[in-house]
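This report concerns only the one structure given below.
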Amino acid sequence: MDFTLWLFFVVSTLFVSATPGANMLWAFHSGLNHGVRKTLWTLAGLSTGLLLLLFLSLVGIGYFSQNHPGAFQVLKLLGAAYLAWLGVRLWRNTAASFNGNRPDAAPAPSRWRLFRDGIFVSLSNPKAILFFAAFFPKFLVPARPLAPQYLVLALSFFCIETVWQLIYTYGGQRLAVWLMREGRLRLLNRTCAVVFLLIAASLAAEVVLERA
């Protein structure tokens, strides 16, 4: 593919991925509450979910979603329900302590649970499939073989997304000291909870408007 076109894709993706969506917010929350080392399992789950979405987009889910909107609406509602459940879970997490940083800290989630939650957070946003299906073709050269171009774009996107997740994770961990004061962690957890609930409500509202 053309280098200038690829560079434009990288710059565009850097800004798109920096937006604090569900994945970045979950990486930030995990880094804040569990530290960087534990959050690596969360990031592995987020990356696995992202790879699955890239693969699904590659094999034609974007086309399927446009031609079978009813089924895709069900996926949106399931994603909204899962994000809402995460928001409720965060809101109810009122123990303002950091795992491993204070003697009264609650036990940290297992590695498997961190990994599993990361995968589900990624997969709970079917809008990502539409993003891949709509965004990637703008940077493909039809006159050249498409598979190698798509592979380059997918790997570039994956690397950029992973870097931003690490940045958000490290940012959460760096805030830990400041948030040790009573009440600050609870406030931030509940702020994250509200954002997840808003994302869920946005997904559900899209389905309602599409059906109207």
Practice prompt. Check whether at least one residue in the stretch 124-136 is buried (at least 16 other Cβ atoms within 10 Å of the Cβ), more than 30 Å from V207 (Cα to Cα) and at pLDDT below 85, and report yes or no.
Written response: no
Q.
Taking the conditions exactly as written (within 15 Å of T42 (Cα to Cα) and modelled with pLDDT under 75), does Q165 satisfy them or not?
A. no
In the set R144, R111, the lone residue that is of a type in the set (K, R), under 30 Å from T4 (Cβ atoms) and at pLDDT 75 or above is R144
Flagged in the stretch 20-52 as farther than 21 Å from Q173 by Cβ and either buried (at least 19 other Cβ atoms within 10 Å of the Cβ) or free of Cβ contacts under 8 Å to residues at least 12 places away in the same chain (or both), in numbering order, are G49, L50
Going by what's in this entry, would L75 be described as in a helix (DSSP H, G or I) and at pLDDT 70 or above? no
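The values are calculated or read from the model by the stated rules, or taken from the named source; none is laboratory data. Predicted model only: the values in this text are computed from it and were never measured. Note that we place each Cβ from the backbone using ideal geometry, even for glycine, and neighbour counts take in every protein chain shown.
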